[in-house]
Amino acid sequence: MVNKITLDWSKERPIDDELFPEDKLRRAKYATFLTKLLASQGFDQTREKDQQKRNYVLNLNSVWGSGKTYFLKRWSEDIKEYYPVVYVDAWKKDYSDDPLMTVISSIIEQLRNQAGKDENAPEFKVPRKLIGLLKAAAPGIARGLVKRYAGIDPVAIMSADDNAENIGEIKDENGKPIDMSLAASTVVKHLIAEHDAKSDAIESLKISVSEWVEAVVGLSKKEFPAFIFIDELDRCRPNYAVEMLETIKHIFDIKGVVFVVATDTEQLQHAVKAVYGEGFDAKIYLGRFFNSRYSLKAPNLESFLEVHCDVNKFSKDYLSRINVQIMPFNNDAKVTISNISIILDSFGLSARTAIQITDRIVATLSNMPAGSKVDILMLATLLCIKEKDNALFDEIIAGGFSRSEFSGDKKKTMYLGEFFEGYLTEKSQYLKLKMEFDPKEYAPKIKLNKLSAPSDNPYPFNSYEFLFIDYLKEIFSSHFGSSSSSYFTFLSDDEDTLDEISMQLKKEYSVNSHKPDFYSTGLSPLLWFKYFNIKDNFKSLSIDEYKDFVELASPLDWMGEDEIPD
């Protein structure tokens, strides 16, 4: 059966009263691969009979924002058709004082349901010995045993002065002197007995889990191995997360059962260090629990924002309803999200900060009065600068940004455009923004020259692309009074500037429109941006207005769950 399983997540699916949409991050192929891997590790009929069933523990390492819970829930739900499956959300259960019993109760309940049995079914009866596992080795219990069998409080002993005279004067609760050698012998004897009883109970537990899995396979016609998924361990209280690992390791070696423990391994390492100290080697410690680790890469930022943010707020329909116009024009909201993700990526911001800034953009648009216009690229860039470097933001908003640099004996003035070349991530030099629109819709006629009447606009609907760094040099820097570009001088006379740009657009089309990359590498995309920036008066939005937008939105911090379904 293993080789026949192919998981399809192309459609939405309800799971536990929650609707899980289609797999936008295309992760089903990874779940299919891991299912086949783990199924063959846990059970293989081609092996010797006593070796057919094996145990296996996989650490699914997935950084924040990569869709870990969505992945695990869809995966675990889909393979229930073929195998016994248990899914445990450790974070939702970390109010419990006993991680092992949390897992065991989930195993019993879910396997019993998959076998079609009620809670009184004899196949799923809990052995009495398991009661002995209820915090049997907790420090408080050990202290209680000492008091019970020796009549003394070990804390009082540990608090006493460290010398033979004081130790020898320890008395019991009735005030009688205690023979410490006899007391220690009595305590050790009972602790050993407790340890042996716990070992017996764990062995009994392993046998019980094996029997429960056998029951599901026999009653529901499913196959070995059983899959047990432990999710959200890295989100738990540090002591609970560590205790969960330390306790469930006792059942990791049940033959015919495979475990998938999903974590953000880096975060879990912090939890381990919080318990054992900063100098503790958490990486080696965690490595002891798993046979292997499989890391899901974080999605690219564009896909990430599509999953986590309200993309609809950038749609043409929504913007028309609230009567707010944005530049660049785009018929598809995903193009706007793509542009925002490029800007965020250029500033090297984290996934969580990317969500925060995108939410701030949405909040700004939603609060604009009807009839407003805004350059979404300018707003996103300012929000990034404000988040990353507040002093730089203040310097830009003040207008006239400039820095002096020396090349030998010569002094050179560096404007914003040149500053950004060194300030942004290296890959930002090659990242392109898009306007996917029909120029005829916004400018049916354009002038060929200053004297002639306007003629039909020859430019078709297309995806017009220009470099982000060019936008910063030509548009952003000019708006904030810090540019060596000739475009800055255009703004003094709008009509003349439009005529000048129109003539450049016409010339560009006549000379280069036959080239296959005309709409993505030529001058025309940025020329169109300049044209509409002036014609539709986007440039009229003042520096102070942009400042207000940013300062109003910046205190808004995203506080969503670490995992949101795709």
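Among the listed pairs Lys410/Lys473; Lys36/Lys92; Lys313/Lys473; Lys24/Lys255; Lys316/Lys445, those with a Cα-Cα distance over 26 Å are Lys36/Lys92; Lys313/Lys473; Lys24/Lys255. Net length available on complete extension from Ser404 to Ala391 is 2.9 nm, with 0.36 nm assigned per residue and the Cα-Cα distance removed.
Exceedance of the 31 Å cut-off in Cα-Cα distance is limited, within the set Lys49/Lys222; Lys29/Lys273; Lys440/Lys515; Lys11/Lys547, to Lys29/Lys273; Lys11/Lys547. Applying the criteria of a DSSP loop state and at most 15 other Cβ atoms within 10 Å to the trypsin sites (Lys or Arg not before Pro) of the stretch 260-353 yields Arg288, Lys297.
Taking label positions 7 Å along the Cα-Cβ direction at both Lys445 and Leu556, the computed distance is 4.1 nm, reported to one decimal. Which of rounded, prolate, oblate describes the stretch 399-535, given a ≥ b ≥ c as roots of the alpha-carbon gyration tensor eigenvalues and a/c under 1.5 marking rounded, otherwise prolate only if a/b is larger than b/c? Because a/c hits 1.5 or more and a/b exceeds b/c, the stretch 399-535 counts as prolate. Label separation (Ser463 vs Asp8): 2.8 nm, computed from points 7 Å beyond Cα along the C-beta direction. Of the chymotrypsin sites (Phe, Trp or Tyr not before Pro) found in the stretch 279-371, those that fall in a DSSP loop while having at most 14 other beta-carbon atoms within 10 Å are Phe280.
Using a cutoff of 8 angstrom between alpha carbon atoms and counting only pairs six or more residues apart, the relative contact order for the stretch 399-535 works out to 25 percent. Taking a straight line from the alpha carbon of Lys447, these lysines sit under 17 Å away, with near neighbours fewer than eight places off in the same chain left out: Lys506, Lys507, Lys530, Lys535. Near the amide H of Ser372, within less than 5 Å, lie the amide hydrogens of Gln325, all on another chain or at least 5 residues away, with H placed in the peptide plane. Between Ser372 and Ser40, what FRET efficiency follows from the Cβ-Cβ distance if R0 is 60 Å, with the result rounded to 0.05? About 0.50, to the nearest 0.05. Are there trypsin sites (Lys or Arg not before Pro) in the stretch 413-485 that DSSP marks as loop and that have at most 15 other Cβ atoms within 10 Å, and which are they? Of the trypsin sites (Lys or Arg not before Pro), the ones in loops of the stretch 413-485 whose Cβ has at most 15 other Cβ atoms within 10 Å are Lys450.
Quick note: the coordinates plus some simple rules give every number you see, no bench work behind them. Small disclaimer: the values here were computed from a predicted structure and weren't measured. Don't worry about glycine lacking a Cβ; one is built from the backbone with ideal geometry, like all the others, and counts go over all protein chains shown.
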